[in-house]
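Worksheet: the structure to be examined is printed underneath.
The values are calculated or read from the model by the stated rules, or taken from the named source; none is laboratory data. Given the structure is predicted, the values throughout are model-derived calculations rather than measurements. Glycine also receives a Cβ, built like all others from the backbone with ideal geometry; neighbour counts cover every protein chain displayed. Quick note on the areas: whole protein, heavy atoms, side chains included, nothing else; ligands and nucleic acids left out. Shrake-Rupley method; radii C 1.70, N 1.55, O 1.52, S 1.80 Å.
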Amino acid sequence: MHYPWQLNQWRQLSSQIDKDRLPHAMLLSGPKYIGKYQFSLTLAQRMLCESPIGGYACGSCKQCHLVTANSHPDLLMVKPEEEGKAIRIDLIRALGEFANKTAQQGGWKIALIYPAEAMNLNSANALLKNLEEPNAKTLLLLVSHEPARLSATIRSRCRMVKFPIPADLEVRNWLSQVVGPQEDVGQLLEFSEGRPLLALQLLETDWLEQRRSLDGLLDDLVAHRSTPLAIAEKCLANDPLMTIDWLYSRVASDLRYGRTAVSPRLMFRYLDRLIQAKKLMQSSSNPNIQLLWEELLLNWQLLYIVK
Ligand SMILES: [Zn+2]
């Protein structure tokens with residue numbers, strides 16, 4: 001099933017399926033952690049189902065069972081071996097063979113490439129042939145968190161279906177139902193920058209606790225209960241890049257919700273400073289991290305203390 005915030009995209013595609021006007025290749029794009037993969041699976045199952053009910057897969061026919069068991073012969077998953085790795089060209093070649101064969105179950109054939117930006121140049125070039133010479137009753141679903149990293153040629157040969165970050169209220173309602181009333185849904189939403197599946201993931205790790213503890217330290221700084229020096233030492237114990245990302249997301253979200261004591265211009269300048277600091281930490285120049293933290297925290301304090 002797709003998520004509630006994907007209803008518009010679903011209706012649009014459903015009506016195209018009903019009119020038999022679905023394009024042969026689609027690019028499902030939008031930020032990570034909002035459920036595009038789930039949507040593409042729901043769509044694939046709908047296409048393969050023998051007797052859809054109300055526009056959705058029935059969930060009980062042979063085809064539906066094959067899909068949910070991950071063993072449908074006419075549904076090809078093309079993914080990197082590990083997250084973050086490239087999609088190998090032999091997988092795209094296999095996709096070419098899959099597209100040329102007749103469907104084993106007599107219906108549609110669907111290939112799902114996830115995430116599409118993991119294709120390297122060779123893989124992408126190999127895919128172009130399939131995009132340019134589509135096979136009958138064969139659907140290519142490219143799912144991408146970063147469509148800008150795909151070549152313009154690939155993008156121009158797919159129908160783009162966009163998945164923006166859903167409205168706060170929609171995610172809030174959904175999260176409250178899923179995680180229960182004991183969780184601070186507003187804070188989860190904020191930490192995950194509105195991406196519902198990331199919010200769930202944060203709950204499953206100790207990320208949330210660590211982030212809350214950093215927020216507590218930052219609040220201490222503003223309230224003069226602590227000093228940049230003392231907090232810099234605590235920051236040193238954490239993963240520096242992660243802590244920089246947290247600081248960034250805290251400032252960005254304070255900016256978004258208008259929780260600022262200074263002008264937005266100064267906040268943006270500070271965000272730039274954080275990006276520079278992160279680059280410096282990743283560089284080989286071996287910076288003095290303690291000093292860097294002290295400077296960042298001192299400047300952070302200046303942003304929040306009302307004069
Ligand atoms: Zn079915």
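Cβ-Cβ contacts under 7 Å between residues 6 or more apart (or on different chains), taken from a first residue in the range 114-125 that is under 10 Å from Lys79 (Cβ atoms) to a second residue that is open to solvent by less than 70 Å² (accessible area, probe 1.4 Å), are listed as Tyr114/Tyr37; Tyr114/Val143; Pro115/Val143; Pro115/Ser144; Pro115/His145; Ala118/Pro80; Ala118/Ala86; Ala118/Ile87. Quick check on the range 78-88. Is at least one of its residues open to solvent by 60 Å² or more (accessible area, probe 1.4 Å), away from the ligand (no atom under 16 Å from the Cβ) and at pLDDT 95 or above? Yes, that holds for at least one residue. Residue check: is Gln38 under 25 Å from Met160 (Cβ atoms), modelled with pLDDT of 95 or more and open to solvent by 50 Å² or more (accessible area, probe 1.4 Å)? So Gln38 passes the test. Pull up the range 14-61, narrow it to residues that are in contact (Cβ under 8 Å) with a residue 40 or more places away in the chain and hydroxyl-bearing (Ser, Thr, Tyr), then point me to the one that is nearest to the ligand (Cβ to nearest atom). Top of the filtered list is Tyr56. Against the test of being away from the ligand (no atom under 15 Å from the Cβ) and open to solvent by 60 Å² or more (accessible area, probe 1.4 Å), the options Leu128, Leu91, Leu121 yield a single qualifying residue, Leu121. You will find that of Gly180, Gly194, the residue that is farther than 20 Å from Tyr304 by Cα and more than 19 Å from the chain's Cα centre (by Cα) is Gly180 and no other. Candidates in the range 218-249 are the residues that are over 24 Å from Gln282 (Cα atoms) and not charged (D, E, K, R); of these, the one that is surrounded by the most Cβ atoms within 10 Å (Cβ to Cβ) is Leu221. Looking across the range 153-172, the residues that are in contact (Cβ under 8 Å) with a residue 40 or more places away in the chain, farther than 20 Å from Arg21 by Cβ and not aliphatic (A, V, I, L, M) come down to Arg155, Phe163, Pro164, Pro166, Glu170.
The criterion of at least 1 residues that are more than 21 Å from Phe191 (Cβ to Cβ) is met, among helices (runs of 4 or more DSSP H) falling completely within the range 201-307, by 228-237, 264-282, 289-304.
Quick one: in the range 146-171, of everything that is part of a loop (DSSP other than H, G, I, E, B) and aliphatic (A, V, I, L, M), which residue is most open to solvent (accessible area, probe 1.4 Å)? That would be Ile165.
Consider Tyr270 carefully, then state whether it is among the hydroxyl-bearing types (Ser, Thr, Tyr) and either exposed (fewer than 15 other Cβ atoms within 10 Å of the Cβ) or more than 28 Å from the chain's Cα centre (by Cα) (or both). When the stated conditions are applied, Tyr270 does not pass them. Looking across Asn130, Asn135, Asn125, Asn120, one residue alone is of a type in the set (S, T, N, Q) and out of contact with any helix residue (DSSP H, G or I) (no Cβ under 8 Å at 6 or more places or on another chain). It is Asn125. Looking at the range 62-76 only, could you name the residues that are near the ligand (Cβ under 9 Å from one of its atoms) and in contact with a helix residue (DSSP H, G or I) (Cβ under 9 Å, 6 or more places away or on another chain)? If the condition is that a residue be near the ligand (Cβ under 9 Å from one of its atoms) and in contact with a helix residue (DSSP H, G or I) (Cβ under 9 Å, 6 or more places away or on another chain), then Gln63, Cys64, Val67 are the ones that fit.
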